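Only one structure is covered here, and it is reproduced in the block below.
Nothing in this text is a laboratory measurement; each read-out follows from the coordinates by a stated rule. This structure is a prediction, so every number in the text was calculated from the model and none was measured. Backbone-built Cβ (ideal geometry, glycine too); neighbour counts: all protein chains shown.
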Amino acid sequence: MEKITLPKGTKDIGDPEIFIWYHVENIVRQEATHYHYIELRTPLFEHTELFARGVGEETDIVQKEMYTFLDKGGRSVTLRPEGTAPVMRSYLEQSFHIHNPRMKYFYMGPMFRYERPQAGRMRQFHQFGFEAIGFQSPAADAEIILLADRIYKKIGLKNIRLEINSLGCRKCKPQYLETLKNYLRNQAAQFCKNCSNRIETKPLRVLDCKNESCQNILHNESFPIIQNFLCDECRTHQNHLIGILESAQIHPVINPYLVRGLDYYIKTTFEMKTEELGAQNAIGGGGRYDNLSDALGVKGIPGVGFAAGMERIILLLQKQSESKAFFQKPFIYLSPLDQQGENVLLKLSIVLDEKSIPFYLDFSDKSLKYHFKNAQRMDASFIIIAGENEHQTKTYTLKNLLSGEQKVVSQKTLIGDLLEAYQNVKNT
Ligand code: HAM
């Protein structure tokens, strides 16, 4: 029989890469705690209508990329392609807009989009995200961007560019869309089929097209940029946001072509980008979505948030840092050479656990040479050997694999010696 392989666009995440994931996840959780964004775990699947209405019927996500199926009861459900619509669904379902309208949420977990897989683009990928619901102030947009920036820096990422734009609001966007449509109509024949189909229905989507010849038509001096159409309220909102960011030493680049692929945004949109990952250069993005609640049946609940792609962050971190830096260190390799050694070291492992000292216990069906090689391969800091000699003399052999220093320690002093040696290595 043939072996069964992974579905396309998915991945097993294990040793050693999983340690980088722990590093990222720990920082995200720590920052969520500091900023008091409380975790919300929404289901992995939702009613299809949530995304059709929330993300938008005309978006690539809804039109081409959703994992949608009928369940056994004949209901159409969809594996979540993103986290913002589910968070808003939960907020409204629990009527927080009535009794506790200002909520700060965080989430982390798998998302699903049927895209053409390539480096940094998966069909099952992971995001962490933050959503501040119920806040109108541009300072809330600033907090979200500051929080993202803090997380990227603490993770250890370098050379990230922040791009921002404003998509206007109900007052100023319609006039811009008319001007944009006129411009696009005049060039309609030159656009790809997809873009020409979208000129009337979703003109902003044209700005997102990856096709080089479409981009050339758009990057033209006569192209009407939205920045020139913002109303006073939207301009003040953007200026206030940029002012806060600048005072925190964060210097965004305004990109008038940044429209984002989801329909719920108004006013602020932003993306964090890198030059080091090729085409999949966005390692996070977000914006203000004051219209999302309307699409889900409750009028006028403001919100702002962002989400980051964890696979891309990890790819970038692997490029920019030594992967070994994230391994679990130090830890002690316990190497029994016979059955008695196994019993002794199993008991010792309980004491190590109580002292919060990490260990790896191997078993006695291998030679001493194997254990040494394995301990070194695993990057252990110490190895403890328990075999015939050690049982007779009631001692253990403890070797520091970093310095090569080896000593024989008595059963009585073992824990004290280990604690001291462990702390010394941990502090270096
Ligand atoms: P998004 O830009 O669609 O926004 O996704 C956010 C990030 O998820 C992207 O910048 C990218 O790093 C990662 N990502 C997206 N698709 C894939 C994929 N197929 N494979 C790997 N990584 C991917 C949202 O999802 C919005 N919900 C963000 C948001 C939150 N806006 C407001 N609040």
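Summary of computed values
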| quantity | calculated |
| --- | --- |
| Residues whose placed amide H lies under 5 Å from that of F382, excluding near-sequence neighbours | F331, Y333, L401 |
| Computed E for N182/H47 - FRET, C-beta separation, R0 35 angstrom, nearest 0.05 | 0.40 |
| Residue among G83, Y396, F229 farthest towards the positive dipole end of the chain, charges placed on Cβ | F229 |
| Förster radius 56 Å - calculated FRET efficiency between T33 and Q392 (Cβ-Cβ, nearest 0.05) | 0.60 |
| Cysteines without a disulfide-compatible neighbour (Cβ-Cβ under 4.7 Å), the chain | C169, C192, C195, C234 |
| Under 11 Å, Cβ to Cβ, from G387 - net charge with Lys/Arg +1 and Asp/Glu -1 | -4 |
| Summed residue charge, Cβ within 15 Å of N400's Cβ, Lys/Arg positive, Asp/Glu negative | 0 |
| Region 142-285, relative contact order in percent, only Cα pairs under 8 angstrom and at least six apart counted | 40 percent |
| Gain on full stretching of the segment that runs from L361 to L146 - 0.36 nm per residue minus C-alpha separation | 73.1 nm |
| Under-5 Å amide H pairs with T268, H placed in peptide plane, nonlocal only | L167, R288 |
| Region 273-428 - convex hull of the alpha-carbon atoms, volume per residue in Å³ | 209 Å³ |
| Electrostatic dipole magnitude of the chain [Cβ: Lys, Arg +1; Asp, Glu -1; Cα centre; debye, to 20] | 440 debye |
| Compactness index (Cα Rg / 2.2 N^0.38 Å), region 80-175 | 1.30 |
| The chain: antiparallel DSSP beta bridges as a percent of all, rounded to 5 | 80 percent |
| Binned Cα-Cα distance frequencies in region 88-237 - 10 Å width, integer % | 9, 24, 31, 30, 6, 0 |
| Over 37 Å [Cα-Cα, the chain], rounded percent | 39 percent |
| Distance (nanometres) between label positions extended 7 Å along Cα→Cβ at E275 and K373 | 4.5 nm |
| FRET efficiency estimate (nearest 0.05) - Cβ-Cβ, S137 to E57, R0 35 angstrom | 0.70 |
| Whole-number D in µm²/s for region 174-255 (Stokes-Einstein; Kirkwood sum over Cα pairs; 25 °C, 0.890 mPa s) | 172 µm²/s |
| Region 124-203: proportion of alpha-carbon pairs further apart than 22 angstrom, % | 54 percent |
| Likely footprinting exposure, I384, I242, fewest C-beta neighbours within 10 Å first | I242, I384 |
| Packing-based order for 21-28, 281-288, 32-39, using average beta carbon neighbours within 10 Å, highest first | 281-288, 21-28, 32-39 |
| Between 0 and 90°, nearest 10: helix 138-155 axis offset from the chain longest Cα axis | 30 degrees |
| Over region 197-318, equivalent-ellipsoid semi-axes from the Cα gyration tensor in Å | 23, 21, 18 |
| Cα-only radius of gyration and Dmax that characterise region 1-149, units Å | 17.3, 61 |
| Extent along principal axes [Cα atoms of region 1-46; Å; largest to smallest] | 52, 32, 14 |
| Most positive-pole-ward Cα, A140, T5, H99, against dipole of region 1-151 from beta carbon charges | T5 |
| Degrees separating the helix 17-35 axis from the principal Cα axis of the chain, which is the longest one | 60 degrees |
